[in-house]
Amino acid sequence: MKNQVLKTRREVVSAIICTFEGGRERAAAHIGLPLKKFDNHAYENNNCRPLTDLQIFDLEKVTGTQHLANYVAAMYGGMFVPIVHPENLDNVEMYTRAVQTLAKRGTVDQIIAQALDDGVITEDEAELILNAHISHMAARTTEVHAAIDLYCAKSGKGQ
């Protein structure tokens, strides 16, 4: 699944590096580390401390991913919901968000339907369902906040 919540910090870093255009070399250069030192920190080799949260965040700004935020939110039993700024919103954006939310709900329903083909939901299937559900609920929450922000800003009542 595309927006899977990763289970370890090491998986988070690996997923970010895999999505970084130019791979490890460009990621290392982006945060100003020699490749060998970057690898040691990224993969926690040779007793090196891991990349800092700020370094990971900096890499995620480039990749457009939110793996670290999702990982940390999941540790607390929650979900990460990005904040939308009203100046970036219009009716077309709202429609796009609604379609994306519905597509994510459809993904949840499809995974449940496939899991029920044999009449039993396994642990792996349950994990897929819950990951898809978290993605759907985060999208819906963002959509609701965006609608509130857009129309509060237009009415002059901003938050």
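None of the figures in this text is laboratory data; all of them are computed from the coordinates on show. Everything quoted here is computed from the prediction, not taken from an experiment. Reconstructed Cβ throughout: ideal geometry from the backbone, glycine too, with neighbour counts over all protein chains shown.
Selection of helices (runs of 4 or more DSSP H) fully inside the range 1-112 by the criterion of at least 3 residues being in contact (Cβ under 8 Å) with a residue 24 or more places away in the chain, closer than 26 Å to Glu143 by Cα and not small (Gly, Ala, Ser) returns 9-19, 53-63, 67-75.
For Lys61, all conditions in the list (1) out of contact with any Ser or Thr (no Cβ under 8 Å at 6 or more places or on another chain); (2) under 24 Å from Lys104 (Cα atoms); (3) surrounded by 17 or more Cβ atoms within 10 Å (Cβ to Cβ) hold save one; what is the number of the exception? Only one criterion in (1) out of contact with any Ser or Thr (no Cβ under 8 Å at 6 or more places or on another chain); (2) under 24 Å from Lys104 (Cα atoms); (3) surrounded by 17 or more Cβ atoms within 10 Å (Cβ to Cβ) is unmet by Lys61, namely (3).
Looking only at the range 44-62, which residues are among the charged types (D, E, K, R) and within 18 Å of the chain's Cα centre (by Cα)?
Asp53, Asp58, Glu60, Lys61
Tally up the residues in the range 30-44 that are surrounded by fewer than 16 Cβ atoms within 10 Å (Cβ to Cβ) and within 12 Å of Val13 (Cβ to Cβ), please.
The number of residues fulfilling the criteria is 1.
Being small (Gly, Ala, Ser) and either touching a Pro at 6+ places or on another chain (Cβ under 6 Å) or closer than 24 Å to Val144 by Cβ (or both) is a description that does not apply to Gly32. Suppose the filter is surrounded by fewer than 17 Cβ atoms within 10 Å (Cβ to Cβ), under 20 Å from Thr65 (Cα atoms), among the hydrophobic types (A, V, I, L, M, F, W, C) and under 22 Å from the mean Cα position of the chain (by Cα); does Ala146 pass it? For Ala146, the condition - surrounded by fewer than 17 Cβ atoms within 10 Å (Cβ to Cβ), under 20 Å from Thr65 (Cα atoms), among the hydrophobic types (A, V, I, L, M, F, W, C) and under 22 Å from the mean Cα position of the chain (by Cα) - is not met.
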